[in-house]
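The next block holds one structure in the form of structure tokens; read it before the comments.
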Amino acid sequence: MNSLKEFIDTYKDYPKKGIEFKDVLGIIQEPVIFKELILKMSSSQIIKNAEAIISIDARGFIFGSAISLQASKPMIVARKPGKLPGELVENNYTLEYGENTLSIQKKALHKYNSYAIVDDLLATGGTVNCVSKILEQNNKEVLGILVVVELSNLEGKLKLDFPVESSIIY
Ligand code: AMP
């Protein structure tokens with residue numbers, strides 16, 4: 001789906017000098033393109049084989065929830081600090097431009113055993129790695145990750161020991 005690139009704006013030096021920020025939000029301003037992308041992502045074998053989807057705060061929610069609806073799969077979320085109530089499981093990670101923590105609600109996580117991770121973009125792989133570590137520490141299976149954009153020069157894939165499916169590769 002190379003034509004998708006025309007709906008992605010690049011912002012140099014955002015949010016920090018040296019980062020080329022890829023803004024995927026143009027895609028959801030184009031319902032036909034967005035639908036085509038969601039249909040493609042939802043037909044992935046990773047999604048089909050997973051018991052549930054886990055999507056990552058915040059742009060991952062946009063794509064994850066649309067896939068969840070299309071594929072009729074439950075979705076749970078991994079969120080940044082201070083956003084989720086109840087008992088949580090957490091892990092820290094390093095981002096292309098900073099550090100953060102992700103949390104998952106224990107109650108939601110315990111319902112499903114195998115997961116497809118969904119996010120907007122794979123850069124260094126730190127974020128996805130953080131989510132997969134939480135899942136593995138709780139004896140859950142990670143079947144793979146689906147992202148809209150992959151920044152291949154950052155080699156995030158090399159950090160991950162499960163399949164990565166990306167719709168656009170830079
Ligand atoms: P990483 O952990 O390095 O793979 O970073 C992936 C996460 O950070 C995703 O949730 C993205 O939303 C965000 N991100 C990292 N780098 C970029 C970038 N260059 N452009 C847009 N989003 C980015």
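The values are calculated or read from the model by the stated rules, or taken from the named source; none is laboratory data. Everything numeric here is computed off the predicted structure, so don't read it as measured data. For neighbour counting, all protein chains shown are included, and Cβ atoms are generated from backbone atoms with ideal geometry for every residue, glycine included. Ligands, DNA and RNA are stripped out before the accessible areas are found, and what is left, the full protein with its side chains, is counted by its heavy atoms. Shrake-Rupley method; radii C 1.70, N 1.55, O 1.52, S 1.80 Å.
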Pair list, Cβ under 9 Å, 6 or more apart: segment 113-134 residue at positive phi, other residue surrounded by fewer than 23 Cβ atoms within 10 Å (Cβ to Cβ) and in a strand (DSSP E or B): G125/V164
For A108, work out the one condition from (1) small (G, A, S); (2) over 19 Å from C130 (Cα atoms); (3) surrounded by 15 or more Cβ atoms within 10 Å (Cβ to Cβ) it doesn't fulfil. (2)
In contact with a strand residue (DSSP E or B) (Cβ under 6 Å, 6 or more places away or on another chain), near the ligand (Cβ under 10 Å from one of its atoms) and of a type in the set (G, A, S) - does that describe any residue in segment 112-128? yes
Set E99, E165: member being assigned to a strand (DSSP E or B), of a type in the set (D, E) and touching a Leu at 6+ places or on another chain (Cβ under 6 Å): E165
Only residues that are surrounded by fewer than 19 Cβ atoms within 10 Å (Cβ to Cβ) and more than 16 Å from the ligand (Cβ to nearest atom): list them for segment 129-142, please. E136, Q137, N138, N139, E141
Selection from segment 73-87 of residues assigned to a loop (DSSP other than H, G, I, E, B), in contact with a strand residue (DSSP E or B) (Cβ under 7 Å, 6 or more places away or on another chain) and touching a residue at least 24 places away in the same chain (Cβ under 8 Å) yields K73, P74
Restricting to segment 56-96, name every residue that is surrounded by fewer than 19 Cβ atoms within 10 Å (Cβ to Cβ) and among the small types (G, A, S). A58, S65, S72, G82, G86
Quick one: L158 ticks every box in (1) of a type in the set (A, V, I, L, M, F, W, C); (2) within 11 Å of the ligand (Cβ to nearest atom); (3) farther than 21 Å from P81 by Cβ bar one, so which box is it? (2)
Going through S103, S166 one at a time, which residue ends up being within 12 Å of the ligand (Cβ to nearest atom), out of contact with any helix residue (DSSP H, G or I) (no Cβ under 7 Å at 6 or more places or on another chain) and either open to solvent by 70 Å² or more (accessible area, probe 1.4 Å) or of a type outside the set (K, R) (or both)? S166
